[in-house]
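Engineer: First the structure, which I've put down as structure tokens, then a few questions once you've had a look.
The values are calculated or read from the model by the stated rules, or taken from the named source; none is laboratory data. Small disclaimer: the values here were computed from a predicted structure and weren't measured. For neighbour counting, all protein chains shown are included, and Cβ atoms are generated from backbone atoms with ideal geometry for every residue, glycine included.
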Amino acid sequence: MPIHSMSASVDASPYSKDHPFPAKVTENRLLNKPGSAKETRHFVVSLAGSGLHYSAGDSLGVFPENRPGEVAEILQRLGATGAELVLPAMLKLAAPIALREALTTRLALAGPTAKIVGTLAAKATAPDEQAKLTGLLSPESKDLLAAFLDEREFVDLLADFPSAKLTPQEFVDHLRKLMPRLYSIASSPRVYPSDVHLTVAAVRYRTNERERAGVCSTFLADRVQVGTTPTRVFVSPSHFGPPEDGARDCIMVGPGTGIAPFRAFVQDRVASGATGRNWVFFGDQKAATDFLYQEEWAQYLAKGQVARLELAWSRDQFTKVYVQDKMRANAAELWAWLQGGAHFYVCGDAKRMAKDVDVALHDIVSVQGGMTPALAVDYVKQLKKEKRYQRDVY
Ligand SMILES: Cc1cc2nc3c(=O)[nH]c(=O)nc-3n(C[C@H](O)[C@H](O)[C@H](O)COP(=O)(O)OP(=O)(O)OC[C@H]3O[C@@H](n4cnc5c(N)ncnc54)[C@H](O)[C@@H]3O)c2cc1C
Ligand SMILES: NC(=O)c1ccc[n+]([C@@H]2O[C@H](COP(=O)([O-])OP(=O)(O)OC[C@H]3O[C@@H](n4cnc5c(N)ncnc54)[C@H](OP(=O)(O)O)[C@@H]3O)[C@@H](O)[C@H]2O)c1
């Protein structure tokens, strides 16, 4: 079957983003070794019985639930039981729902805005709270307000200003909709037709002296019980995918969780008997603890199914080594692959990595191809036009 024709059968399933499938997570495994600073997990989600299909390069959408502890604290601070009926403005519901349900599955508890500060200022009765809120809202405190909000979630505001009594309805009207998160699928349907594999970094950090947890990554890591909790998912088809022509070479740059779709690409190409070569650039903090799917890469290399594997360990030495450094170190070879028709793929962090990899690609084209920077820009544009330079960055 041509690789991308499988996405079409997503339409045949009764399940979609608007009607997600209650899937079972059948595996949750830590990929990092003891001593790592990272927490990257491998999940297997069963699509059995859903009629859902996917292609290598697609993503899985997951609807998360908020942490029960955070919901309980909000209820306690609102003086509510959770049974109160609310009609949150953002949800456009036909009928009210219980406050606990709204806070658990429907509304985002992070990202407070100036609006709630204004509401609290109008309601606070304690003079010190009033003074603080008014100060934050003054025109000259714009930066202060932004920094204050950046450090806080909604629960912090209820804790900081207890004299401002909000009704459950008033509170939920300040919250945004809880959105699903996308995860690059790390498996090929040719190998796992009714399972989807994911590679997820658990987001955990501290602000305003509170432990924070990324909603969806820790929903999967901590709250979904393997084999039991129904987890609402949908397949999000993508234009990102391995070359239709299996004879084409592939260069895949995916540090951290960016490796996910390339595990899928390699599985897919091996299973389809693609004859093109695979060149993988992976990087993470430390070789000893953060070499995701190390055994699988070793096997692919041993069998010649991955021709080259370049590894960039950023924290194994004083000076950072990143995937783009490995690209530059292999510039002549990379250029030869591109000139031979290779496809170039990037997945992972959008803010820094993908930009730096793009700069490195332009530099390599310019130096190796003997082009001016302007001609290198044209060359890379042409790669994109031919869909030979594709990115899946977040
Ligand atoms: C197409 C696509 C594919 C993706 N594929 C993957 C994948 O394969 N694997 C994967 O792990 N992720 C992937 N992501 C990212 C994923 O969708 C989520 O964004 C990620 O898991 C975080 O979601 P969360 O709900 O856990 O965190 P959220 O609750 O959304 O929290 C994240 C937010 O927390 C804040 N934050 C995070 N760290 C800090 C900090 N140190 N200090 C202060 N604030 C901080 C930031 O505001 C950040 O935006 C992908 C995204 C897209 C769009
Ligand atoms: N806050 C941010 O700006 C930011 C950026 C990226 C990822 N994240 C979040 O961190 C979590 C984990 O992400 P992840 O596991 O996918 O890995 P990651 O944090 O993106 O890191 C993977 C590897 O990429 C390296 N790296 C950092 N900057 C780079 C750059 N400019 N160019 C190339 N490589 C670079 C990292 O090195 P070092 O860390 O040692 O520098 C690490 O070795 C995700 O939830 C993601 O959303 C946050």
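Engineer: Could you grab me the full set of residues in region 83-107 that are surrounded by fewer than 18 Cβ atoms within 10 Å (Cβ to Cβ) and among the small types (G, A, S)?
Structural biologist: A83, A89, A94, A95, A98 - these are the residues of region 83-107 that are surrounded by fewer than 18 Cβ atoms within 10 Å (Cβ to Cβ) and among the small types (G, A, S).
Engineer: I've got another one for you. Could you tell me how many of the residues in region 176-203 are over 28 Å from L91 (Cβ atoms) and within 16 Å of ligand 2 (Cβ to nearest atom)?
Structural biologist: So the count comes out to 6.
Engineer: Does E296 qualify as being over 21 Å from the mean Cα position of the chain (by Cα) and not assigned by TED's automatic domain parsing to the domain that holds K387?
Structural biologist: So E296 does not fit the description; no.
Engineer: Could you list all residues from region 156-194 that are among the basic types (K, R) and crowded, with 17+ Cβ neighbours inside 10 Å?
Structural biologist: Correct list: R181, R190.
Engineer: Next question. Return the pair list, or none, for Cβ contacts closer than 8 Å from residues in region 23-44 that are touching a residue at least 60 places away in the same chain (Cβ under 8 Å) and small (G, A, S) to residues that are buried (at least 18 other Cβ atoms within 10 Å of the Cβ) and part of a strand (DSSP E or B), at least 6 apart or on different chains.
Structural biologist: Correct list of pairs: A23/V45; A23/S46; A23/T231; A23/R232; A23/V233.
Engineer: Check off (1) free of Cβ contacts under 8 Å to residues at least 40 places away in the same chain; (2) within 15 Å of ligand 2 (Cβ to nearest atom) for N278 and give me the number that stays unchecked.
Structural biologist: Against the list (1) free of Cβ contacts under 8 Å to residues at least 40 places away in the same chain; (2) within 15 Å of ligand 2 (Cβ to nearest atom), N278 comes up short only on (2).
Engineer: Still on this structure: Out of region 85-144, which residues are closer than 28 Å to N66 by Cα, in contact with a Phe, Trp or Tyr (Cβ under 9 Å, 6 or more places away or on another chain) and basic (K, R)?
Structural biologist: K123
Engineer: So, one more: Show me the strands (runs of 3 or more DSSP E) found entirely inside region 169-260 where at least 3 residues are of a type outside the set (K, R) and under 30 Å from V86 (Cα atoms).
Structural biologist: In region 169-260, the matching strands (runs of 3 or more DSSP E) lie at 231-236.
Engineer: To continue, here is another question. So the check is Cβ under 6 Å with 6+ separation or different chains; which pairs have a first residue in region 207-227 that's closer than 14 Å to L109 by Cβ and a second one that's within 11 Å of ligand 2 (Cβ to nearest atom)?
Structural biologist: Every condition considered, the pairs that remain are R212/Y205; A213/R204; G214/V203; C216/R181; T218/A202.
Engineer: Within the set of pairs 6 or more residues apart or between chains, which connect a residue that is of a type in the set (G, A, S) inside region 366-394 to a residue that is surrounded by fewer than 17 Cβ atoms within 10 Å (Cβ to Cβ) with Cβ atoms less than 6 Å apart?
Structural biologist: S366/P373; A376/H362
Engineer: Tell me, please, whether a residue that is within 16 Å of ligand 2 (Cβ to nearest atom) and assigned to a strand (DSSP E or B) can be found in region 284-300.
Structural biologist: Yes.
Engineer: I've got another one for you. Does region 162-197 hold any residues that are touching a helix residue (DSSP H, G or I) at 6+ places or on another chain (Cβ under 7 Å) and among the hydrophobic types (A, V, I, L, M, F, W, C), and which are they?
Structural biologist: A164, L166, F171, V172, L175, L178, I185, A186, V191
Engineer: Away from ligand 1 (no atom under 16 Å from the Cβ), under 22 Å from V393 (Cα atoms) and either surrounded by fewer than 18 Cβ atoms within 10 Å (Cβ to Cβ) or at pLDDT below 95 (or both): does that describe D363?
Structural biologist: Here the answer is yes, as D363 does meet what is asked.
Engineer: Quick check on my filter: what residues within region 216-251 are surrounded by 18 or more Cβ atoms within 10 Å (Cβ to Cβ), within 18 Å of the chain's Cα centre (by Cα) and either under 18 Å from A342 (Cα atoms) or within 13 Å of ligand 2 (Cβ to nearest atom) (or both)?
Structural biologist: Across region 216-251, the qualifying residues are C216, S217, T218, L220, A221, F240, G241.
Engineer: Return yes or no: is T289 within 16 Å of ligand 1 (Cβ to nearest atom) and among the polar types (S, T, N, Q)?
Structural biologist: no
Engineer: Of (1) crowded, with 18+ Cβ neighbours inside 10 Å; (2) charged (D, E, K, R); (3) farther than 17 Å from F282 by Cα, D392 satisfies all except one. Which?
Structural biologist: (3)
Engineer: In region 288-312, what count of residues is obtained for those that are surrounded by fewer than 18 Cβ atoms within 10 Å (Cβ to Cβ) and touching a Leu at 6+ places or on another chain (Cβ under 7 Å)?
Structural biologist: Final tally of qualifying residues: 2.
Engineer: Residues that are closer than 30 Å to S13 by Cβ, at least 1 per element: which helices (runs of 4 or more DSSP H) completely within region 54-159 meet that?
Structural biologist: Answer list for region 54-159: none.
Engineer: Taking A126 and the conditions (1) buried (at least 18 other Cβ atoms within 10 Å of the Cβ); (2) more than 21 Å from V62 (Cα to Cα); (3) of a type in the set (A, V, I, L, M), which numbered condition does it fall short on, given that it satisfies the others?
Structural biologist: (1)
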